[in-house]
Amino acid sequence: MRQRRRTSHARWGVNALVAASVLAIACSISRRQETEMGQLYAKQIDADWPVVRAPEIAGYLTLLGDSLASVTGTKDVEWRFTLVNFADVNAFALPGGFIYVTRGLVERTATMDQLAGAMAHELSHVTRRHAVKQMEAAQRANVGVSLACVLTGICESTATRVGIELGGAALFAKYSRDDERQADEDGVLLVTRAGIDPEGIPRLLQRLLDERKAKPGALDAWFSTHPYEEDRIQYTSALIARLDPARVARLAIDTPRFQEFRDRVKQLEAPKKGR
């Protein structure tokens, strides 16, 4: 009986320590953990998706991305910029500085400033740690369930644990309006600092909105991850209107290298439909 009691007490002692760990993890995700998560997701994407590795294409995207990253003021992020040969129009960021752009988006951009604006928006999601904050919120939402798993052992199967984690993540599938506004504010600031015309941001948004109106459903991938488009056009235009017009007039709109890059992207093998 004593042995059973000691074993029971020991088990509860271990469970208490693990429960404390669950609570601690639910509070914050470190930059190292953020990078490791991004690396894990990026490895899976690189293995499963049609990532473009042609040096001329990958090199230019990295060049443009690095010019924006250099003015973020962020020193502890190792940025990586990748083109995916998907017809869908989209751009997204993984935790830790992994930025992905689809062929469909590149083909919708007419000038360099438009692509730079879309990329700057994604850089801001990383520097502001928007996805990480969503994960932390999801962990806090699930902490009661996680504690139940620890204390009762009801979640021994991997499938159950994964289901709980995915259920929490599903609660936060999109960026909030405030997150999008922050990313737009930073996007305007970053391209301007990098010597690029911020007018490319509302111009691209308007072009995509016009296409959506002409072909409903054509850009579902973009609008599912970048909502509030009409508000964003008005908001970014208002932000730009506050800048010195003489300064904006001197900023770069396009370059021959961008047009060469865009032509090379168009010459890639037929794109796949996105996932």
Legend entry - Which numbered condition Arg31 fails, given (1) modelled with pLDDT of 90 or more; (2) charged (D, E, K, R); (3) closer than 26 Å to Leu190 by Cβ: (1)
Legend entry - Count - residues of segment 156-200 that are assigned to a helix (DSSP H, G or I) and either under 17 Å from Ala137 (Cα atoms) or at pLDDT below 80 (or both): 16
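Any residue that is among the hydrophobic types (A, V, I, L, M, F, W, C), in contact with a strand residue (DSSP E or B) (Cβ under 8 Å, 6 or more places away or on another chain) and modelled with pLDDT of 90 or more - is there at least one of those in segment 228-238?
Of segment 228-238, the ones among the hydrophobic types (A, V, I, L, M, F, W, C) are 233, 238.
Filter once more, so that each one left must be in contact with a strand residue (DSSP E or B) (Cβ under 8 Å, 6 or more places away or on another chain): none.
The answer is no, given that none of the residues of segment 228-238 is among the hydrophobic types (A, V, I, L, M, F, W, C), in contact with a strand residue (DSSP E or B) (Cβ under 8 Å, 6 or more places away or on another chain) and modelled with pLDDT of 90 or more.
The values are calculated or read from the model by the stated rules, or taken from the named source; none is laboratory data. Since the structure is predicted, the reported quantities are computational estimates derived from the model, not experimental observations. Cβ: placed from backbone, ideal geometry, glycine included. Neighbour counts: every protein chain shown.
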